[in-house]
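The values are calculated or read from the model by the stated rules, or taken from the named source; none is laboratory data. No experiment lies behind these values; they were computed from the predicted model shown. Backbone-built Cβ (ideal geometry, glycine too); neighbour counts: all protein chains shown. Only protein heavy atoms, including side chains, enter the accessible area calculation; ligands, DNA and RNA are left aside. Shrake-Rupley method; radii C 1.70, N 1.55, O 1.52, S 1.80 Å.
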Amino acid sequence: MHALKNSTLYCILFCSCCLLLWACENDIKQVQALGSKKIGVDTIIGAEAYLSQDAKVKAKLTAPLMLRTFTDTVKTEFPKTLHVVFFNDSLKAESQVYAKYGRYLENDSKVFLRDSVIVFNVKGDTLKTEELYWDRTKQLFYTDKHVTILRAGDLPLYGTGLTAKQDFTNYHITNPTGFISVADSTLP
């Protein structure tokens, strides 16, 4: 009887070990998926956001669609146009930006704009380009692409590459092309 109990116990242990080994088979894709990070995406329809600095509103952004992706860096995308109004300390609009696409990387404090980018200021100067970056910390726009600047009552300026203040009152075209109007000389 004692031998029967031992053999039954060994049989149960052997079957349990076999079941345990058979159940521990892992699919390599499932194991790899455990280590991968899940990407979270917030979707905002009809977005309106304000940028403030030192308790003062500096900009207002509106966009029909805003997507915030949370990975190693927080990325905000505007795939269906965006409009930004920049304000001075008196809350008067200084300049405005339109683009069909925008992307903001929070860790870098930089915004990338592309596709029909237009920037204009209160004086009526208008910048048109296909790609533009905005450095939030330096409050500068820059690009290495073709630019056109339309100025009220003057010839347009053309070139490749540009650096401009955020209020678009001062800009520098890296490689200007075309004609530039010069005031008449007062020399006889």
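Enumerate the whole-percent occupancy of each 10 Å bin, from 0 to the last occupied one, for all C-alpha pair distances of the range 92-139.
Each 10 Å bin holds this share of Cα pairs: 26, 51, 22, 1.
Could you put THR163, THR126 in order of accessible surface area, largest first, with the 1.4 Å probe and the full protein assembly present?
Final ranking, largest accessible area leading: THR163, THR126.
What is the Rg over Rh value, at two decimals, for the range 47-152, using alpha-carbon atoms and the Kirkwood definition of Rh?
Taking Rh as the inverse mean 1/r over Cα pairs, Rg/Rh reads 0.95.
Strictly over 23 Å apart at the Cα level, which of LYS80/LYS123; LYS75/LYS100; LYS75/LYS128; LYS128/LYS165; LYS56/LYS92; LYS56/LYS165 would you flag in this model?
Too far apart for the 23 Å limit: LYS80/LYS123; LYS75/LYS128.
For the range 56-67, what does the Karplus curve 6.51 cos²θ - 1.76 cosθ + 1.60, with θ = phi - 60°, yield as ³J(HN,Hα) per residue in whole Hz, taken in order and with x for Gly and Pro?
Result, ordered by residue: 10, 6, 10, 7, 10, 10, 10, 7, x, 8, 10, 10 Hz.
Search the structure for amide H atoms under 5 Å from the amide H of ASP125, placed 1.01 Å from N in the peptide plane, and list their residues when 5 or more places away or on another chain.
ALA152
How much accessible area per residue does the range 104-188 have, in Å², with a 1.4 Å probe?
61 Å²
So what J values fall out for the range 99-114 if you push phi through Karplus, 6.51 cos²θ - 1.76 cosθ + 1.60 with θ = phi - 60°, rounded to Hz, Gly and Pro as x?
7, 7, 8, x, 9, 10, 9, 4, 5, 8, 6, 10, 10, 10, 10, 8
When Lys and Arg each count +1 and Asp and Glu each count -1, what net charge do the other residues less than 12 Å away from ALA49, Cβ to Cβ, add up to?
Once positives and negatives cancel, what remains is +2.
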